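Right, one structure below, let's go through it.
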Amino acid sequence: MTTVTFHSEGSRITGFEVQGHSGYAREGEDIVCAAVTSAVRLTECAVNDVLGLEAPVKLREKDAFLSLKLPAKLGQTAESTCQTLLAALMVHFVQLNEEYPEHITVLEV
């Protein structure tokens, strides 16, 4: 199962962690894993490459772990954009959970 954990401080989403394989299908055929990977990569590219931020990303392939943490102080526009991106990512994962509850879980801490 894939577990996605969103971290917040007050109403601010500060980052997320994704861990584990969904187990929906064999490697290369797993649509849940593909949906998760694509959404995470899009978000990371938007934050770091398009917005030009330096949000640290940790990746460990051996245990299928990835995390992204937003910098503490962002300008108003970057903060608003990042919050929109992370909120959309959360909604996407919650919808995946509704469709594939045995393969992905979403937590907020």
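Only residues that are open to solvent by 50 Å² or more (accessible area, probe 1.4 Å), part of a loop (DSSP other than H, G, I, E, B) and free of Cβ contacts under 8 Å to residues at least 12 places away in the same chain were counted in segment 17-38, giving 4. Per the listing Glu29, Glu98, Glu54, Glu17, the residue uniquely among the charged types (D, E, K, R) and under 13 Å from the mean Cα position of the chain (by Cα) is Glu17. Among the residues of segment 83-101, those that are closer than 12 Å to Thr43 by Cβ and touching a helix residue (DSSP H, G or I) at 6+ places or on another chain (Cβ under 6 Å) comprise Leu85, Leu89, His92.
How many of the residues making up segment 67-89 are assigned to a helix (DSSP H, G or I) and surrounded by fewer than 19 Cβ atoms within 10 Å (Cβ to Cβ)?
Filtering segment 67-89 for residues assigned to a helix (DSSP H, G or I) gives 76-89.
In the following step, the residues that additionally are surrounded by fewer than 19 Cβ atoms within 10 Å (Cβ to Cβ) were identified as 76-81, 83-84, 87-88.
Counting residues in segment 67-89 that are assigned to a helix (DSSP H, G or I) and surrounded by fewer than 19 Cβ atoms within 10 Å (Cβ to Cβ) gives 10.
Tell me, which residue of segment 39-57 that is surrounded by 11 or more Cβ atoms within 10 Å (Cβ to Cβ) and among the charged types (D, E, K, R) is farthest from Thr2 (Cα to Cα)? Of everything passing the filter in segment 39-57, Glu44 is farthest from Thr2 (Cα to Cα).
Among the residues making up segment 90-109, those that are under 14 Å from Thr3 (Cα atoms), loosely packed, with under 12 Cβ neighbours inside 10 Å and without any contact (Cβ under 8 Å) to a residue 12 or more places away in the chain are Glu98, Pro101. Filtering segment 6-13 for residues that are touching a Lys or Arg at 6+ places or on another chain (Cβ under 6 Å), of a type in the set (Gly, Ala, Ser) and assigned to a strand (DSSP E or B) leaves an empty set.
The values are calculated or read from the model by the stated rules, or taken from the named source; none is laboratory data. Just so we're clear, the structure is a prediction, and the values are computed from it rather than from any experiment. All Cβ positions, glycine included, derive from the backbone under ideal geometry; neighbour counts span all protein chains shown. Side chains included, ligands, DNA and RNA excluded: accessible areas come from the protein's heavy atoms. Shrake-Rupley method; radii C 1.70, N 1.55, O 1.52, S 1.80 Å.
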